Structures are given as structure tokens and as C-alpha cells.
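Have a look at the structure below, then the notes.
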Amino acid sequence: MIVGNGRVITNDPSNPFLETGAILVRGKVIEEVRELAALRAAYPHEPFHDVAGRVVMPGLINAHTHAYSHYARGMGVTGPTRDFVEILENLWWRLDRMLTLEDVELNTTTTFVESIRNGVTTIFDHHSSPGAVEGSLFTQAEAARRLGIRASLCYETSDRDGAEVFGQAVAENVAFMRASNTGEQDLVRGLFGVHASFTMSQPSLEACVAAAEGLRGGFHVHTAEGPGDEPDAVEKYGQRILARFHDLGMLGPESIAVHCVHADDDELDRLVATGTPMVHNPHSNMGNAVGGAPVVEALGKGVRVGLGTDAYTADMFASASVAKILASHRLGDPTVGFGEAMTLLFGNNPAIAAAHFARPVGVLAPGAYADLITLDYDPITPLHAGSYAGHILFGMSGRMVNDTMVDGRWVMRDRVIQTLDEAQVNARSCAAAPRIWARM
Ligand SMILES: [Zn+2]
């Protein structure tokens, strides 16, 4: 299939922008990216999907979110949420304990549908449902496959629900990684999920490392998010969080250190030394009032800093825009943040995904997976190779996405989800949420 007849932003440095471009998709893979006329002349019998002047871009990557949080939209919270720990204890840890496997399937589906609507084609999820651990990642994977979105899944292991749930969480991560990180399929992969340093004793972390021994894939772990996480590690274990994780062998290119708001120079150096990505979630850091992450400093050292949403939004255009604004605000310097935000979104998120999937994503280039989106975006200033970053950060939004393709398959066309009945899923979610709300 040839997809084309619009401006194409490729994120491929050798061929960054085509004014009237087209992409040759064969099966799951992109074979060529060229000017439309030349490509159609070269393949006159190839079926043609006319994007009718829309912008074509690589599908976006969300490097950290939580599908389980979806019932929280519009929900009242009864307990105080005056700081980050109270937000966890009185909101998220009360909500997630009530979730059943049916809720997991619903939350995952509604989150992933919303992601596809916003042009996200690859999502890194961090799941928690302590009342329904066993099978939860397999339930999520089934939802991802049915919908047709690329996903990396993990279960949030912690000590907070006692030894039995801890053991279930370890077993679920191991079983899922073993089943998913094979060469046979490349749509859904697994990581070992760990909640955070302050909810994991030393024997618990050691047990996770031992359980993950010999498995493909690293750890996906919240790191130095709230202000209490670092002092807790220093007091209990005599070292800062990333030193603790490093000594245990948890760091590496396949692991993800989420947030790192309070990480110091030595910890950022450890991320560089081990090739461990850090994932920034600007909406979340501001909303939880935990501080601004040292994104510019980390990039300066050579840390691979990527971008997520932590479930505050499904819109990666918004997350990138807010990353720019927060970087400027935090450093009191309006000149920083713009290039850095694009590096997170277009440089490092594809690089992070490359550690987990067999072919490149986040780029329109020969050999990459055919994960792409089209946007209804009619620019009011010139759009070209030298200006598209400004259009992405300050002109485009997820709501402009018209079509989403994953693995060479249209999962949304003309804003209609192709792979399931969205209205029916939303109605089921609306019917299920009040049971949870009533018990909060
Ligand atoms: Zn998170």
C-alpha cells in the first residue's frame, strides 16, 4: 500500500521532510519514503491511500503511563491528598486495590483507545491491581492485541500489600516476560515492574533481581519522584536510590528510571554509565507538586531522557509542549527547553523503544515498522524541515489525529476505531466506574 499526498515529517535525518510525500508499506514494514509522484510511478499497481493533504508523521511513543488509573477521571477523593505520599495512599492505592480483571481489561482498552486517538502507537504501561494480580498483564496484552497497539507492559511490584501479593506480582512479571519477550511476536513486550525504592525492602528488591535473572528485558521503576524517596533510601540503606539500584544490577539500556526528579549528579552519571533511560513526565511532576526533573542537566551529561505522560494526558504533543515550558520555568531561562523537548519526543523515545522492539518505531524510514499517523493540520505559517519542530510543539495536538496505523494496519480511520466498538467499551466503563467511586 502507498500512503501519501500530504506533507511528510519523517524524523529520519537523511530525509526529514517531503512537501508532497508518500510511504510504501508492505506488510508490517515501511519499504520506501519518497515524493508521491515518483513513488506512484515506481509502483503503478500498488493500492493507494490518499491522505488528502493531511500531515503524515511517525506514530508517537508514550514512554510511561498507567492504564489502571482511568476510572479516576471525574471521581471524588475522600482522604486528604496534601502531598505525594497522601496522593498515593488516599487515591491510587485505594483505587487499584478494588480493580478486578474485568476492570483491568476495560481500563486498558479505554486508555489504549484514547492513545490511538491521540496518535500514540507505542505505549509503556506500568500496571497495578493488587486484588487481581494473576493474569493481569496477560489481560492487558489481550486488550492491546485486539485493539492493535504496540505495548510494553509490567506489573508494579511493591511491599505495600504484604508478602502474598508481592509474590504474585513477581510471578506475574516473570510469567509475562517469559511469554512475551520472544522473537515470535513483536507487538507486546514485558518488563519487570517495580513501584519505587521507598516501597521495596532490600530482600524484596533482591528477590526481584533474582527472579528476573536470565530473562530478556529490564526493570521499569519510579525513581526519586516525591521528595521523600531519596531520604528514605539514604536512611534505610545508606545510599541514594540509583546507587542502590545500580549495586543490585537493576540498571541498563532495557530498564527505565521514571521521573528522577530528585536525582543528583552522581545518580545521573550512573544512568549514563549504564545506558539507562530516564523518562520525564512534566504534567505529572507539576500536578503532584513534586518538583521539576533535571532534564536539561541530564541531557547535558548524556542521559537518554525520554517522555511519558504518567496518565495525566494521552496527548504526547501536549506532553512535549509542557516539557519545553517546564524546562524554561524551572531554570528561569526561556532559551532552554525547545530543542530538548524535541529530543525527548523524537530522538530518545524512539531510541528507548529500540531496546524493546525488533525494528525501529517513531521514524518513517525503510525497514521501520509501519506505525504512522495523519493529522488534520493546515499550517498558518510555512511548514518545512526547518520549522516543523515549532509546529509540533505549538501548533499540533493529539485531537488533530485523523488516522492511526500500527504494524501496517489501520487501527483508526477518519477518527473511527477500526478494531472494536468504542462506544460499547466506553458505555461498559461508565457502567463499571461508579462501583469503584462509591467505595472511595
Ligand atoms: Zn508513574
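Annotations
- Residue within segment 297-312 that is away from the ligand (no atom under 16 Å from the Cβ), surrounded by fewer than 20 Cβ atoms within 10 Å (Cβ to Cβ) and either in contact (Cβ under 8 Å) with a residue 40 or more places away in the chain or of a type in the set (D, E, K, R) (or both) present: yes
- Check on Ala263, surrounded by 24 or more Cβ atoms within 10 Å (Cβ to Cβ) and either over 27 Å from Thr111 (Cβ atoms) or away from the ligand (no atom under 16 Å from the Cβ) (or both): yes
- Beta carbons closer than 6 Å, at least 6 apart along the sequence or on distinct chains, pair a first residue in segment 120-149 that is under 18 Å from His64 (Cα atoms) with a second that is hydroxyl-bearing (Ser, Thr, Tyr) and assigned to a strand (DSSP E or B) for Phe124/Ser152; Asp125/Thr65; His127/Tyr155; Leu137/Tyr155.
- Helices (runs of 4 or more DSSP H) fully within segment 338-409 that include at least 3 residues being within 16 Å of the chain's Cα centre (by Cα): 349-354.
- Every listed requirement among (1) closer than 30 Å to Ala431 by Cβ; (2) within 16 Å of the ligand (Cβ to nearest atom) is met by Thr78 save one, (2).
- Selection within segment 375-404: residues that are out of contact with any helix residue (DSSP H, G or I) (no Cβ under 6 Å at 6 or more places or on another chain) and among the β-branched types (Val, Ile, Thr). The member of this set that is surrounded by the most Cβ atoms within 10 Å (Cβ to Cβ) is Val401.
- Long-range neighbours under 7 Å by Cβ, at least six apart or interchain, first residue more than 20 Å from Phe176 (Cα to Cα) within segment 205-234, second more than 16 Å from the ligand (Cβ to nearest atom) and assigned to a loop (DSSP other than H, G, I, E, B): Glu230/Arg240; Ala233/Gln239; Ala233/Arg240; Val234/Arg240
Only the coordinates and a few stated rules stand behind these numbers; no lab work does. Note that the structure is predicted; figures quoted are calculated from it, not measured. Ideal geometry is used to build each Cβ from the backbone, glycine not excepted, and the neighbour counts take in all protein chains shown.
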